[in-house]
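Here the structure comes first, spelled out in structure tokens, and everything after it is commentary.
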């Protein structure tokens, strides 16, 4: 490149008016082995820019995804437990020992009714002593007679 | 958005984020932390990433703001870090740069520039962004970017000339 152009570019460069393309030309020119002696001072500047373009970031960045606890799964679990509970309960309640055959059912019913009456009779027989009580109460009837007698006496006095 | 999709978006400019952070914070370790922080923030907001018009420009702005916050908090802690004598023994790149002493001078000179000019130089001469893009990233107008750029370039050239002539004398 013509020296004159470089000098013009440098002036533009210092005023911040060069385009990126023109700056690239300057960088190319100053990366040569030999440049004009009076432009020698620019060389380290452009060399520095070029070297610094290559510096890299090598540190590892840990990209952890935050574990957000999802509360909606708790409700899902709760519903599941509830359903399981209802299911188990209904299966237990269904088995009431219902007898399908009417004849066996009749026998069973009479058997259990018989048992009820037997135990009922046993209960009433123990209540037999209440009759003794009635007997005692009837012997106390003579007290009425006494009262009658006394009432007659009191009437006479009056 | 999966991790892979995210990396595809972020990969092309993560080095640029790092270099801008380093330009502002000087120290490589701090720049690495800042880059990590910026990328993590992007990752955590990955749902919104599709809404951004320009993720790269957005990230650069984020980096700038993050680094400014860091620098401010450092000042408020009364811990004055003198950047110009910070010794970075980490990268082989630095050694490579130091092989050429005058190239090392350039980095010293840039470190002494005001933050605005440093950023503009970084984004223009190293990352080669458009002036409008830089204006967008730094919340400045086009003319201000140009003025900062021009001032920074002139300062670098003047200081280089000075050190150069001192070297001869």
Kindly establish whether residue B:30 is over 26 Å from residue B:159 (Cα atoms) and either assigned to a helix (DSSP H, G or I) or modelled with pLDDT under 90 (or both). yes
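Here's the yes/no breakdown for (1) in the same structural domain as residue B:108 (by TED's automatic domain parsing); (2) modelled with pLDDT under 85; (3) within 24 Å of residue A:56 (Cβ to Cβ); (4) outside any helix (DSSP H, G or I):
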{"position": "B:13", "(1), (2), (3), (4)": "no, no, yes, no"}
{"position": "B:50", "(1), (2), (3), (4)": "no, yes, no, no"}
{"position": "B:53", "(1), (2), (3), (4)": "no, yes, no, yes"}
{"position": "B:62", "(1), (2), (3), (4)": "no, no, yes, no"}
{"position": "B:65", "(1), (2), (3), (4)": "no, no, yes, no"}
{"position": "B:71", "(1), (2), (3), (4)": "no, no, yes, no"}
{"position": "B:78", "(1), (2), (3), (4)": "no, yes, no, yes"}
Subset of the range B:135-154, residues within 11 Å of another protein chain (Cβ to nearest Cβ) and touching a helix residue (DSSP H, G or I) at 6+ places or on another chain (Cβ under 7 Å), comes to B:142, B:145, B:146, B:148, B:149, B:150, B:151, B:152, B:153, B:154
Those residues of the range A:26-38 that are within 12 Å of chain B (Cβ to nearest Cβ) and surrounded by 15 or more Cβ atoms within 10 Å (Cβ to Cβ) come to a total of 3
Looking for something at the interface with another protein chain (Cβ under 8 Å from one of its Cβ atoms), surrounded by 15 or more Cβ atoms within 10 Å (Cβ to Cβ) and closer than 23 Å to residue B:133 by Cα - is there at least one such residue anywhere in the range A:17-25? yes
Could you look through the range A:4-16, keep only residues that are buried (at least 17 other Cβ atoms within 10 Å of the Cβ) and more than 10 Å from chain B (Cβ to nearest Cβ), and pick out the one that is farthest from residue B:154 (Cα to Cα)? A:6
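The values are calculated or read from the model by the stated rules, or taken from the named source; none is laboratory data. From a predicted model like this one, the values you see are computed outputs, not experimental measurements. Every residue, glycine among them, receives a Cβ derived from its backbone with ideal geometry; neighbour counts consider all protein chains shown.
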